[in-house]
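The values are calculated or read from the model by the stated rules, or taken from the named source; none is laboratory data. These numbers come from a predicted model, not from an experiment. All Cβ positions, glycine included, derive from the backbone under ideal geometry; neighbour counts span all protein chains shown.
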Amino acid sequence: MSIETDAAPTPGGLAVPAGNLRGPLAFAIACFLIWGLAYGLLDVLNKHFQETLSISQADSSWLQIAYFGAYLLLSLPAGMLLNARGYKFGIVSGLSLTAVGALLFIPAANAGGFLPFIGSMFVLAAGLCVLETSADTYVNVLGDPAKASQRLNLAQSFNALGVFIGPMIGGAVFFSPTTTEALGGATRSIQIVYGLIAVAVLIFAAVVWRARLPETGLADHGGAVEGDAPAKPHAPKGLAQQPHFIAGVVTQALYIGAQVGIGAYFINLVTHNWQGLSSQQGAFMLSLAAIGYLVGRFAATGLLLKVRPRPLLTTYGVINVVLTLIVAAGIDKVSPIALIAVFFFMSTMFATIFALGTTGLGAHTKKASSLMVMAIGGGVLLPWPMGKLADLYGANIAFLLPAACFAVVAWYGWKGAGLGRPHIR
């Protein structure tokens, strides 16, 4: 896809040449890699702490609750910060807070308990929340509104690359006795990994701070998608009167809940349904699933040049309902393979729901984007109940909950995204 656009206006009324948008878009897309890496490590840490701190699957879900609880609590303040200070300040602030959270893993590891890690994860995720609110919105408005869904899918492809790298690092370090010993033990290995992440993020924050990121895309950017009527300069209704947006936020929250629950118990599921598979091999299989997620993102970016977003979302939602039911059936080796396939079809869901839900909102676009990012807080919904079901009845039964969430995603593509907008197909 091309990222060239017509000259875009800035809040000051100046036009930004199309070619000048490539650099800012590249910086924004690089941010997606960062929170993808953090999320990829999160799911490995979940299993790691089950083994090293002897905690249950339900208790280990507090890592995910802390991570996504930060999104739930801080997305609106992050949106206010974005409106008040602009995209560049939001991105740099998010990077800086992310680095602080990563550094807090060093004293948390020395403390030797689970609670300090939960606190550190919350601070790290708070930074990622600010970063994602800024970068998601920036990519959404940085160019032709009709191509917003394509840009977000392209950017999310780099997020998927980070999700792939995270389990590779975690599996190689946290589940390898040789590597762990070489680094000075389990405590030291966590400190080294997160210390290096903090340094890298701070360096990138400094580069972004010195870069020129124009405040392109007026607040009334409509973010139209293919099949939409031309966006009006100002949304005629408030967000509460936009049923496609309300349904989009709910759907996004349930989708993220499904994605987080699947990632949190992926290693538990595959080691339970594949005899002789170790936790380290399970982590590497999670990276394999992330490759499918990555390929799916790039594939969706290409498909959206020919296929409208709503039919694609509906099709992928239905396929994942079927796949998660196969996972829940607990078939030896087949269920793990089906679970890996789920990642491919999850790939386009966040970006497509985001774009469909925030289209045609005019002056409400920035606020709507922050609320859509707030929906990432839906990640707190499934980890604990899935963990409890897994503790009581086995990991497979827990995957009935993601199946229900994917049914809602399919409905949103079929009907929900068109609520109040019969011209959207």
* Index of the failed condition, MET374 passing every other in (1) without any contact (Cβ under 8 Å) to a residue 60 or more places away in the chain; (2) over 25 Å from GLY282 (Cβ atoms) -> (1)
* Asked: Condition test on LYS415, is it of a type in the set (Lys, Arg) and either surrounded by 18 or more Cβ atoms within 10 Å (Cβ to Cβ) or in contact with a Leu (Cβ under 7 Å, 6 or more places away or on another chain) (or both)?
  -> no
* To do: Return the total of residues in region 290-306 being more than 24 Å from ALA403 (Cβ to Cβ) and of a type in the set (Val, Ile, Thr).
  => 1
* Out of GLY292, GLY317, GLY261, GLY296, report the one residue that is over 16 Å from ALA160 (Cβ atoms), in contact with a Phe, Trp or Tyr (Cβ under 7 Å, 6 or more places away or on another chain), in a helix (DSSP H, G or I) and not β-branched (Val, Ile, Thr). => GLY317
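Test THR271 against the criterion of being of a type in the set (Val, Ile, Thr) and over 18 Å from PHE175 (Cα atoms), and give yes or no. Don't jump to the end; show me each part of the working.
Working: of a type in the set (Val, Ile, Thr): yes; over 18 Å from PHE175 (Cα atoms): no.
Criteria not met by THR271.
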* Asked: What number goes with the only condition from (1) of a type in the set (A, V, I, L, M, F, W, C); (2) out of contact with any Leu (no Cβ under 8 Å at 6 or more places or on another chain); (3) under 22 Å from ASN140 (Cα atoms) that LEU392 does not pass?
  -> (3)
* Pairs, please: C-beta under 6 Å, at least 6 apart or cross-chain, first residue on the phi < 0 side of the Ramachandran plot and in region 44-56, second modelled with pLDDT under 85 and surrounded by fewer than 24 Cβ atoms within 10 Å (Cβ to Cβ)? -> THR52/ALA186
* **Residues (closer than 15 Å to PHE345 by Cβ, of a type in the set (A, V, I, L, M, F, W, C) and either surrounded by fewer than 21 Cβ atoms within 10 Å (Cβ to Cβ) or modelled with pLDDT of 90 or more (or both)) located in region 289-318** => ALA289, ILE291, VAL295, PHE298, ALA299, LEU303, VAL307, LEU312, LEU313, VAL318
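In region 46-62, which residues are surrounded by fewer than 24 Cβ atoms within 10 Å (Cβ to Cβ) and either under 16 Å from the mean Cα position of the chain (by Cα) or not charged (D, E, K, R) (or both)? Talk me through it step by step, then tell me what you get.
Here is the first cut: in region 46-62, the residues surrounded by fewer than 24 Cβ atoms within 10 Å (Cβ to Cβ) are 49-59, 62.
Matches in region 46-62: PHE49, GLN50, THR52, LEU53, SER54, ILE55, SER56, GLN57, ALA58, TRP62.
Would you mind finding the one in ALA395, ALA410 that is at pLDDT below 90 and more than 25 Å from ASP144 (Cα to Cα)? Reasoning before the result, please.
Working: ALA410 fails: at pLDDT below 90.
Testing whether each residue is at pLDDT below 90 and more than 25 Å from ASP144 (Cα to Cα) leaves just ALA395.
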* Asked: Hey, among the residues in region 79-131 that are under 12 Å from ALA66 (Cα atoms) and of a type in the set (A, V, I, L, M), which one's surrounded by the fewest Cβ atoms within 10 Å (Cβ to Cβ)?
  -> LEU115
* Could you pull out every one of the helices (runs of 4 or more DSSP H) wholly within region 346-394 that has 2 or more residues that are over 24 Å from VAL318 (Cα atoms) and of a type outside the set (Val, Ile, Thr)? => 365-374, 383-393
* **Looking only at region 269-286, and only at residues there that are surrounded by fewer than 23 Cβ atoms within 10 Å (Cβ to Cβ) and assigned to a helix (DSSP H, G or I), the one that is nearest to the chain's Cα centre (by Cα)** => PHE284
